[in-house]
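Note sheet for the following structure.
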Amino acid sequence: MILHPKQWHIYTVDLEPRVGTKPGKQRPCLAIQPNEFVLGGLKSTVVLPLTSKVINGDTFPLRINVPQGIAGLTHSSDILIDQMLAWDNSLFREELGILPPTLIQKIKHALTDFLDL
């Protein structure tokens with residue numbers, strides 16, 4: 001069954017193979033693409049991967065920390081703003097949860113800063 005990823009939800013996504021700085025393996029990813037694209041038939045979704053290798057200190061706008069327990073995460077994790085990927089929807093394995101509005105605003109701010117918009 002193919003999932004229809006929803007914006008601001010975290011999913012387990014199969015990111016194999018690892019290439020260069022792109023994270024590999026199955027890992028949590030945040031869907032950042034508006035829902036209308038998937039509903040309109042687009043077969044891929046733009047995501048930001050997460051890592052449990054958290055960096056302490058100020059890493060804005062490259063990383064946003066998500067505490068353990070938020071959106072179904074079993075570990076404190078960093079959202080990797082600089083690792084934006086479009087991934088085929090068939091590789092989405094499981095929905096973990098949705099981010100709270102405060103974290104969504106931080107990510108929007110980080111994306112705006114990182115992309116110089």
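Rolling a 1.4 Å probe across the protein heavy atoms gives the chain an accessible surface of 57 Å² per residue. Taking a sphere under 13 Å around the Cβ of residue 71 and counting the other residues whose Cβ falls inside, with K and R at +1 and D and E at -1, yields a net charge of -1. The count of lysine pairs in the chain that are at least 8 places apart or cross chains, and whose C-alpha atoms lie under 20 Å apart, stands at 6. For the range 1-89, what's the relative contact order in percent, using C-alpha pairs closer than 8 Å and at least 6 residues apart? This gives 27 percent for the range 1-89. One entry in [x] 47, 28, 24; [y] 39, 29, 29; [z] 47, 33, 31 is Cα extents along the principal axes in Å calculated from the shown coordinates; its label is [y].
Length available on full extension from residue 42 to residue 102: 0.36 nm per residue minus the Cα-Cα distance, which gives 18.8 nm.
Approximating the spin labels as points 7 Å out from Cα along Cα→Cβ, the residue 16-to-residue 117 distance works out to 3.3 nm. Mean residue ellipticity at 222 nm, helices only, the chain: -4500 deg cm²/dmol; runs of at least 4 DSSP H residues each add -39,500 (n - 2.57), and the sum is divided by the number of residues. Taking the accessible area of the chain, probe 1.4 Å, and keeping the other protein chains in place, the carbon and sulfur fraction comes to 57%.
The values are calculated or read from the model by the stated rules, or taken from the named source; none is laboratory data. Just so it is clear, the structure is predicted and the values come from calculations on it, not from any experiment. Methodologically, a virtual Cβ is constructed for each residue, glycine included, from the backbone with ideal geometry; neighbour enumeration extends over all protein chains shown. With ligands, DNA and RNA removed, areas are computed over all heavy atoms of the protein, side chains included. Shrake-Rupley method; radii C 1.70, N 1.55, O 1.52, S 1.80 Å.
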